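Asks: Following this message is one structure expressed as structure tokens.
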Amino acid sequence: MWDTADPVVSSPITYAESRAALAAVRRAGRHTTKVGSIARRELDREWESILQIVVTDEIVHRAGDLCDRHRLRGCASLHVASALAVRGPDVAIITLDSDVGRAALAEGLAVTPALR
């Protein structure tokens, strides 16, 4: 998905969440230390090409408002609020989290992959 996006824009929290996911997979024994190191290097390489949203007070407060309106956790609401900050005709939020996807759709954002 991001291979065709230009530019790829994300909240900085995405990096921490990605690293947490890699660590969880390692702790669960679902990959070797070598595979984990390769995945982390690939994440770091990809991260360099991602334009990062500056998380302002406005975005943080919008995220709080999103939690009131939708079934979102704190970090998830920051992803939606960040996407709303760069809203445009070609902006889509990439998520596998159905709560994030539903909230994004309700707020007028495109979601990929499409929700079922």
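Asks: Counting just the residues of the stretch 83-104 that are crowded, with 21+ Cβ neighbours inside 10 Å and of a type in the set (Gly, Ala, Ser), which one comes out farthest from the chain's Cα centre (by Cα)?
Replies: Applying the filter and picking the extreme gives 103.
Asks: Could you grab the pairs with beta carbons closer than 6 Å, sequence gap of 6+ or different chains, first residue in the stretch 51-77 and without any contact (Cβ under 8 Å) to a residue 24 or more places away in the chain, second one in a helix (DSSP H, G or I)?
Replies: Within 6 Å, the pairs are 62/81; 63/77; 63/78; 63/81; 67/77.
Asks: Which residue, of 54, 60, 80, is within 17 Å of the chain's Cα centre (by Cα) and outside any helix (DSSP H, G or I)?
Replies: One residue alone meets the criteria, 54.
Asks: Taking the stretch 44-59 as the region of interest, how many residues are of a type in the set (A, V, I, L, M, F, W, C) and loosely packed, with under 15 Cβ neighbours inside 10 Å?
Replies: Selection size over the stretch 44-59: 2.
Asks: Could you tell me whether residue 65 is over 14 Å from the mean Cα position of the chain (by Cα) and part of a helix (DSSP H, G or I)?
Replies: yes
Asks: Any residue that is farther than 23 Å from residue 104 by Cα and out of contact with any helix residue (DSSP H, G or I) (no Cβ under 8 Å at 6 or more places or on another chain) - is there at least one of those in the stretch 4-19?
Replies: So far as the stretch 4-19 goes, no, none of its residues is farther than 23 Å from residue 104 by Cα and out of contact with any helix residue (DSSP H, G or I) (no Cβ under 8 Å at 6 or more places or on another chain).
Asks: So, one more: Please give the number of the condition residue 26 fails out of (1) surrounded by 15 or more Cβ atoms within 10 Å (Cβ to Cβ); (2) under 16 Å from the mean Cα position of the chain (by Cα); (3) among the charged types (D, E, K, R).
Replies: (2)
Here, each number is a calculation from the coordinates, and none is a lab measurement. These figures come from a predicted structure and were not determined experimentally. Because the Cβ atoms are built from the backbone with ideal geometry, glycine has one as well, and the counts that use them run over all protein chains shown.
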